[in-house]
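Only one structure is covered here, and it is reproduced in the block below.
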Amino acid sequence: MAAKLKSGDKVVVLTGKDKGKEGTISSVDPKAGKAVVDGLNMAIRHTRQTQNDQGGRLPKAMPIQLSNLALLDANGKATRVGFRMEDGKKVRFAKTTGDVIDA
């Protein structure tokens, strides 16, 4: 299945403790159906000190289910993503406005 959400997309969280917050996707795991959004779904992780890093209790962004994320359109509202063919090329578009997301 084609990726409806990709790295670099601006998204809003639909459910959970961070509901309504916005952020940018830093990585996507399509096999698990999850994405990591910068600054959202933070958890404290205990890390051992190494030669390069200080270590300690560090906050880390944890993965969020893709179904709990929605893309933000040009108006700043949550939208679903659809696919259509334009000039023989498959493109993503916002269902609310019909605008092409990535040309």
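Criterion applied to Lys77, Lys31 was being surrounded by 11 or more Cβ atoms within 10 Å (Cβ to Cβ) and of a type in the set (Lys, Arg), and the one residue passing it is Lys77. Which residues, counting only those in the stretch 1-21, are out of contact with any helix residue (DSSP H, G or I) (no Cβ under 8 Å at 6 or more places or on another chain), modelled with pLDDT of 90 or more and of a type outside the set (Gly, Ala, Ser)? Lys6, Asp9, Lys10, Val11, Val12, Lys17, Asp18, Lys19, Lys21 - these are the residues of the stretch 1-21 that are out of contact with any helix residue (DSSP H, G or I) (no Cβ under 8 Å at 6 or more places or on another chain), modelled with pLDDT of 90 or more and of a type outside the set (Gly, Ala, Ser).
Val36 falls short on exactly one of the conditions (1) open to solvent by less than 60 Å² (accessible area, probe 1.4 Å); (2) at pLDDT below 95, and that condition is (2).
On the stretch given as the stretch 74-96, residues that are under 15 Å from Val11 (Cα atoms) and either aliphatic (A, V, I, L, M) or in a loop (DSSP other than H, G, I, E, B) (or both) total 10.
Conditions (1) on the phi > 0 side of the Ramachandran plot; (2) among the aromatic types (Phe, Trp, Tyr); (3) touching a Phe, Trp or Tyr at 6+ places or on another chain (Cβ under 9 Å), marked per residue:
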site	(1), (2), (3)
Thr47	no, no, no
Gly55	yes, no, no
Ala61	no, no, no
Ser67	no, no, no
Asn75	no, no, no
Glu86	no, no, yes
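So that you can scan it fast, the table gives a plain yes or no per residue for (1) charged (D, E, K, R); (2) modelled with pLDDT of 90 or more:
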{"position": "Ile44", "(1), (2)": "no, yes"}
{"position": "Arg48", "(1), (2)": "yes, yes"}
{"position": "Pro59", "(1), (2)": "no, yes"}
{"position": "Ser67", "(1), (2)": "no, yes"}
{"position": "Gly76", "(1), (2)": "no, no"}
{"position": "Phe83", "(1), (2)": "no, yes"}
{"position": "Phe93", "(1), (2)": "no, yes"}
{"position": "Thr96", "(1), (2)": "no, no"}
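Within the stretch 12-62, the residues that satisfy the criterion of being part of a strand (DSSP E or B) and either among the aromatic types (Phe, Trp, Tyr) or more than 21 Å from Val81 (Cβ to Cβ) (or both) are Met42, Ala43, Ile44, Arg45, His46, Thr47, Gly56, Arg57, Leu58, Pro59, Lys60, Ala61.
The values are calculated or read from the model by the stated rules, or taken from the named source; none is laboratory data. Keep in mind the model is a prediction, meaning the values are calculated, not measured. All Cβ positions, even for glycine, are placed from backbone atoms using ideal geometry, and neighbour counts span all protein chains on display. Please note that ligands, DNA and RNA were not included when accessible areas were found on the heavy atoms of the full protein model with its side chains. Shrake-Rupley method; radii C 1.70, N 1.55, O 1.52, S 1.80 Å.
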